[in-house]
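The values are calculated or read from the model by the stated rules, or taken from the named source; none is laboratory data. No experiment lies behind these values; they were computed from the predicted model shown. Glycine gets a Cβ as well: all are built from the backbone with ideal geometry, and neighbour counts include every protein chain shown.
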Amino acid sequence: MFADVPNPIPARMRGLNRAEICDVNFSEFVQAWDGRADARPAPGEAILDGSALDAQGFRELFESQLISRHLDLMARVLRVRNKVFYTIGSSGHEGNAMVARLTRHTDPAFLHYRSGGFMAERFRKLPGMDPVMDSALSFAASSEDPASGGRHKVWGSKPLWVLPQTSTIASHLPKALGTAVAIEAGRRLGHPLPIPDDSIAICSFGDASSNHATAQTAFNAAAWTAYQKLPAPVLFVCEDNGIGISVKTPGGWIAQNFAQRPGLDYFHADGLDLAEGYGQVQAAVEHCRRTRRPTFLHLKTTRIMGHAGTDFEIEWRSIEELCAVEATDPLLRSAAIAMESGLMSKDEVLALYEETRKRCFAAAEEADRRPKLDRLDDVVAPLAPYSPDKVRAEAGRSGCDEARLQAFGSAEKLPENQPPRHLAIQINNALHDTFAKYPDTLLFGEDVAQKGGVYTVTKGLQKAFGARRVFNTLLDETMILGMAQGFANVGMLPIPEIQYLAYLHNAADQIRGEAASLQFFSNNQYANPMVVRIAGLGYQRGFGGHFHNDNSITALRDIPGLVVGCPSRGDDAATMLRTLTALARVDGRVSVFLEPIALYMTKDLYEPGDGGWLTKYPAPGEAMPLGEGRVYAPEDGSEGSDLVVFTYGNGVPMSLRAVRQAGTKHGWKAKVVDLRWLVPLNAGYIVAQARGAKRIIVVDEGRQSAGIGEGVITALVEGGLGATPLERVVGVDTYTPLAGAAFLVIPGEEDIVAAADRLK
């Protein structure tokens, strides 16, 4: 097969095509075998004396190893013909098939990209499934790929509980641990799990990735749970091949770093030798399932054929080193075991090897003929599913009246029977309602439990619903969002809190690269439904600086499929939260509920004591349609076509005060439009509200080069309103300083009035 790969220099001389060499090595090794074997072992007998692996198990594992290897070899050949689009292989890691054999197909698995052996073996768990064809469809980016629908080469399977990962560099570890925690939490809460109660979560990764900050936060959190005797049955599988692309891991580093780490129960297994390693892997799996403790399995592997098809190792590794690495090929050892045990003859081994090659190439050729994604609508279909009618119905469903009464204490204490309140109280009321409506809702984060949050927004929730549903976490935003994904994976509704918007940025990839991408890369087979509450934006007086007055929401705007809602008043917060939880429940969506800190306790609008920013709690059944803003028309009820102001969050009461001044000064009828939904922006709504306006102002507290305003202006221009006189009032491109200086860099009422003056 490799004769078709252009290679002007003989491989034996220069070693340019190491894949061909590894392929030839196997055949020559088997052909040269001159050992003698005893009688063929019975299926249930140990494959070698002292091994925990029987002959039948070995035979099947060997077949899985060969499938993985020939998928790699096939990819190297067919990539140059544009029939395959991914060449990061599993060669040298085929021993991970043992982990698949010793676990269940209902144990959620978050896999390293070198998991071909694992996948081939797990496919045995359910009859009628074909690992070769399924993998070939993924390699070929066919729309019939059952894992991702052709959107990426991923190891994934809905029936096999392998949640798709792309090129994972440790970003999957927090959600794997979160899933382990969620399995135990669901059992304690009586939540019906989609998997057996004694399931474990499996998470594999490379030795180089173990050094990543995201990996370290998962290891730390796992140890933290173990220290507190909280069950967390996660099996961390470190596949140690001694190198990350071209950067070598110091010899002994993984054992030195993890063997004695408190809270992680360490096991070592030889992943290069099925007969030797099987019992070692078995011990780790059984320990994790029995003790429900975080378990670290250090699996010895190697890496042959380079990191990927484009990695020509001969350019940076000596030929002697390459030959030494290739001599450790686990398939050579498996072939030796097959022949040494008497299970297979040389001819049988070679026949199985070539039959597997033909099977993989035939599947690849067939996959190449299958349909590809060739329509934009099909590509993005699973990114942001939205069922408006179902979401509207779910958002308007009031839930259990008895549960509400129990949550609030009595009919007289129901929030809709109370006088108008400020934003923080109405969010708190809405959260109580959410917990009463959805018994599987969980809220967690830093200081959210007994204290009730820094701004008391979650006050009383733990008392009303218990410590199993409302609890504090360690101070680690990455792990908070990883936990949320774990709970979502087992069908619960997490509402994680990020204490301040500035604290999100070091953990944003857990939303961007993991939670929000799952529906896309699994072709909407998996989802991470959640509502992430984040306190943020600016204008706090007497407290703050950058980390407590962060208005940088651009990182959120750049996340495909995410929904971001930002209420400016209490009634909007309640109806928006109902819609966001319905989006999660109905369509599996990931959303952010961005709460303006400076408006939490705001009561007045125009004058001290006027109570103009207090609102009544909306009755159960009222919900805010996704994408719909709120229009503040002139006080005389006119159209307000002289001036239209688009804004959100803190900008809303500020703009209302400013247009009152500008209207008095210029005799204008002005209206203010609270966008409310910041991602995605509703371009049609924006254009409709601006049509007929003589002047437009966009008030955006985000920075000049990174706010919401440019999206609003783009919508206006593309909607044919680019000729309308327009001003943008926006924050400065700087971090927010402390104290009064903060108000020099964010828009103020006087800036809006000045913009109106320029438009006269």
Restricting attention to the stretch 601-625, and to residues there that are more than 22 Å from Ala535 (Cβ to Cβ) and surrounded by 20 or more Cβ atoms within 10 Å (Cβ to Cβ), which single residue is farthest from the chain's Cα centre (by Cα)? Pro620
Determine, yes or no, whether Ala136 is within 27 Å of Ala527 (Cβ to Cβ) and touching a residue at least 40 places away in the same chain (Cβ under 8 Å). yes
Within the stretch 247-262, identify whether any single residue is in the same structural domain as Ala109 (by TED's automatic domain parsing), within 21 Å of Asp329 (Cβ to Cβ) and in contact (Cβ under 8 Å) with a residue 60 or more places away in the chain, and answer yes or no. no
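Restricting the stretch 335-354 to residues that are part of a helix (DSSP H, G or I), small (Gly, Ala, Ser) and out of contact with any Gly (no Cβ under 9 Å at 6 or more places or on another chain), which is farthest from Thr301 (Cα to Cα)?
Ala351
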Members of the stretch 549-600 found to be among the basic types (Lys, Arg) and either part of a strand (DSSP E or B) or under 25 Å from the mean Cα position of the chain (by Cα) (or both), listed by number: Arg557, Arg578, Arg585, Arg589
Which of the residues belonging to the stretch 257-281 are of a type in the set (A, V, I, L, M, F, W, C) and either farther than 23 Å from Tyr227 by Cβ or exposed (fewer than 14 other Cβ atoms within 10 Å of the Cβ) (or both)? Ala269, Leu272, Leu274, Ala275, Val281
Name the residue that is surrounded by the most Cβ atoms within 10 Å (Cβ to Cβ), counting only residues in the stretch 647-678 that are touching a strand residue (DSSP E or B) at 6+ places or on another chain (Cβ under 6 Å) and part of a helix (DSSP H, G or I). Gly651
Just checking, how many residues over the stretch 204-230 are out of contact with any Leu (no Cβ under 7 Å at 6 or more places or on another chain) and closer than 16 Å to Thr473 by Cβ? 7
Determine whether the stretch 530-542 contains at least one residue that is surrounded by 24 or more Cβ atoms within 10 Å (Cβ to Cβ), in contact with an Asp or Glu (Cβ under 8 Å, 6 or more places away or on another chain) and in a helix (DSSP H, G or I). no
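Take the stretch 710-760 and flag every residue that is of a type in the set (Gly, Ala, Ser) and either at positive phi or free of Cβ contacts under 8 Å to residues at least 24 places away in the same chain (or both).
Within the stretch 710-760, Gly720, Gly722, Ala723, Ala739, Gly740, Ala741, Ala754 qualify.
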Taking Tyr113 and the conditions (1) buried (at least 24 other Cβ atoms within 10 Å of the Cβ); (2) more than 21 Å from Asp270 (Cβ to Cβ), which numbered condition does it fall short on, given that it satisfies the others? (1)
Thr714 vs (1) in a helix (DSSP H, G or I); (2) of a type in the set (S, T, N, Q); (3) surrounded by fewer than 14 Cβ atoms within 10 Å (Cβ to Cβ): all pass except (3)
Which numbered condition Asp107 fails, given (1) charged (D, E, K, R); (2) within 22 Å of the chain's Cα centre (by Cα); (3) over 20 Å from Val234 (Cβ atoms): (3)
Restricting to the stretch 187-244, what's the tally of residues that are assigned to a loop (DSSP other than H, G, I, E, B), of a type in the set (A, V, I, L, M, F, W, C) and over 25 Å from Ile511 (Cβ atoms)? 1
Looking for whichever is basic (Lys, Arg), in the same structural domain as Ala75 (by TED's automatic domain parsing) and in contact (Cβ under 8 Å) with a residue 24 or more places away in the chain here; the options are Lys372, Lys358. Which one fits? Lys372
Gly684 within 24 Å of Ile559 (Cβ to Cβ), buried (at least 19 other Cβ atoms within 10 Å of the Cβ) and of a type outside the set (S, T, N, Q): no
Given (1) surrounded by 19 or more Cβ atoms within 10 Å (Cβ to Cβ); (2) modelled with pLDDT of 95 or more, index of the condition Thr736 fails: (2)
Condition check: part of a strand (DSSP E or B), closer than 20 Å to Tyr526 by Cα and touching a strand residue (DSSP E or B) at 6+ places or on another chain (Cβ under 8 Å). Does Gly156 satisfy that? yes
Which residue is surrounded by the most Cβ atoms within 10 Å (Cβ to Cβ), if the candidates are limited to the stretch 4-60 and must be basic (Lys, Arg) and modelled with pLDDT under 95? Arg18
Run Ile697 past the list (1) modelled with pLDDT of 95 or more; (2) part of a helix (DSSP H, G or I); (3) buried (at least 20 other Cβ atoms within 10 Å of the Cβ) and report the number of the one that doesn't hold. (2)
How many residues does the stretch 457-490 hold that are farther than 21 Å from Ala176 by Cα and assigned to a helix (DSSP H, G or I)? 5
Within the stretch 245-256, which residues are surrounded by fewer than 18 Cβ atoms within 10 Å (Cβ to Cβ) and not in a loop (DSSP other than H, G, I, E, B)? Val247, Lys248, Trp253, Ala255, Gln256
For Tyr266, indicate whether it is part of a strand (DSSP E or B) and either more than 24 Å from the chain's Cα centre (by Cα) or among the polar types (S, T, N, Q) (or both). yes
Selected residue [farther than 28 Å from Met74 by Cβ, surrounded by 14 or more Cβ atoms within 10 Å (Cβ to Cβ), assigned by TED's automatic domain parsing to the domain that holds Leu274 and charged (D, E, K, R)] from Glu394, Glu320, Glu326, Glu340: Glu340
When residues of the stretch 282-304 are limited to those that are of a type in the set (A, V, I, L, M) and crowded, with 23+ Cβ neighbours inside 10 Å, the one nearest to the chain's Cα centre (by Cα): Leu297
